[in-house]
Amino acid sequence: MADEQVIEIKNAAGVVVASVRTRGGALLAPQFSKMDLTGAIFDSLVMEGASFEFCELKGASFRGSDLYWAFFCSENLEDAVFDGALLSGVNFAHANLRRSSFRGAKLTRDNLGGFATFESADLRGADFRDTELAGNIFAKARIDDRTQFPRGFVAEGAWFMPEEISDSSDAD
């Protein structure tokens, strides 16, 4: 088809780690399974419904991407960057998001009224400054004194694990 093209996903060193087909510039519900995508760059892509099952995504970049309803459950996203991304309805349950950045991201309700979930996620050192957070699920999420939320943020109904809140000396 004329509107199909192949996009190469590269890591920070410029090495191609995956190739995916797009239609009309969008990767509709792409499935990544058991892949090492360490440092992969997914910047400014439309990847609604993407699934990253059993993938290593440490240091991956999703700047400005549309990840509506994406699935990152239990993934290693340590040091990942989601700055300016659309993250409505994304599932980050049980994910390792230590030191990840969400600056300027939109974590608002999806079109069915659902929210992004960070249930039991490791958010120690994560940066949510300047992020739109609307009713997201933070039940049992782990935070520490380095975790930064937008000014005035009140996690209504959030239940952070107090025994998991650690100080900066905690080993990363």
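The numbers here are math on the coordinates, done by the rules we state, and not lab data. Predicted, not measured: the structure shown is a model, and the values here were computed from it. Cβ placement follows ideal geometry from the backbone for every residue including glycine, while neighbour counts extend to all protein chains displayed.
Condition check ((1) surrounded by fewer than 24 Cβ atoms within 10 Å (Cβ to Cβ); (2) aromatic (Phe, Trp, Tyr); (3) closer than 30 Å to ALA13 by Cβ) across all residues:
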position: SER61; (1), (2), (3): yes, no, yes
position: LEU86; (1), (2), (3): yes, no, yes
position: HIS94; (1), (2), (3): yes, no, yes
position: SER120; (1), (2), (3): yes, no, no
position: ALA126; (1), (2), (3): no, no, yes
position: LYS140; (1), (2), (3): yes, no, no
Selected residue (only one of ASP43, ASP110, ASP83 is on the phi < 0 side of the Ramachandran plot, in contact (Cβ under 8 Å) with a residue 40 or more places away in the chain and assigned to a loop (DSSP other than H, G, I, E, B)): ASP110
